[in-house]
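Only one structure is covered here, and it is reproduced in the block below.
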Amino acid sequence: MQLKPLFARRPRADGRDAGDDFWYGPVSGPTAAGPNVTVARALQLPVVYDCTKAALSETIGGLPFAIFERRPDGSKLRRDDHPLMRVLRDPNPETTDVEFIGQLVFDLATEGDAIIETRAGALGPISELWRHEPSCVRVERLSDQSKRYVITLDNGMQQPFVDDDIWHVK
């Protein structure tokens, strides 16, 4: 493997030109072994899948969690009565809290983003949390600087969501 390309002089980020494709190209390129490394290909390796799924996301998903309120004196007060605790404990009818948090961690570890749809209901403006596959989401910046999330559903249809309906974790 040649090390020279790794240390070659590249354009500086602060002097980038919006029209320069270098900054917007794919993150992965050909490797010394030949194929491009993608999340999907990496997850086909048992060691990668086991580390991200079993060792990381399922472990963190099984940990206890709570919401805390910071008091004026700097101390924290545990808020088990906070309305969002009910939602986090039971995110939606199809997912447990352990599965939900685990999938959120898995998405962050593999894709760098977690996309959660918030739905209003009996508990208030946020009564359900539904995870969407990050690779099926296109984020668009609108003229008023708000974001629109266009999500490709399992049936191939595309559904747009406004910024207020999506919890985007990075």
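Overview of results
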item: Calculated from backbone phi, Karplus (6.51, -1.76, 1.60) coupling profile of region 91-104 in Hz, x at Gly/Pro; result: x, 6, x, 9, 9, 7, 5, 5, 5, 5, 5, x, 5, 4
item: Sequence of C136, C51 from largest to smallest accessible area, 1.4 Å probe; result: C51, C136
item: Phi-based couplings in Hz for region 118-128 (Karplus 6.51, -1.76, 1.60; Gly and Pro marked x); result: 9, 10, 7, x, 4, 8, x, x, 10, 10, 9
item: Phi to ³J(HN,Hα) by Karplus 6.51 cos²θ - 1.76 cosθ + 1.60 over region 69-80, Hz, x for Gly, Pro; result: 10, 7, 8, x, 7, x, 6, 10, 10, 5, 10, 5
item: Built amide H within the under 5 Å cut-off of E117, gap 5+; result: W130, R131, H132, W167
item: E140 accessible area, 1.4 Å probe, all protein chains in place, Å² to nearest 10; result: 40 Å²
item: Long-range HN-HN contacts of I67 with modeled amide H, under 5 Å; result: R79
item: For region 30-95, average projected area of the Cα convex hull in nm²; result: 8.2 nm²
item: Amide proton proximity set for F161, modelled H, under 5 Å, gap of 5+; result: Y149, V150, I151
item: Exposure of M157 as accessible area (Å², to 10), given a probe of 1.4 Å and all protein chains; result: 120 Å²
item: Quotient of Cα Rg and 2.2 N^0.38 Å for region 69-170, N being how many residues it contains; result: 1.21
item: With all protein chains modelled, accessible area of E58 [1.4 Å, Å²]; result: 110 Å²
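The values are calculated or read from the model by the stated rules, or taken from the named source; none is laboratory data. Fair warning: this is a prediction, and the values are worked out from it, not measured in the lab. Just so you know, the surface numbers come from the protein's heavy atoms only, side chains and all, with ligands and any DNA or RNA stripped out. Shrake-Rupley method; radii C 1.70, N 1.55, O 1.52, S 1.80 Å.
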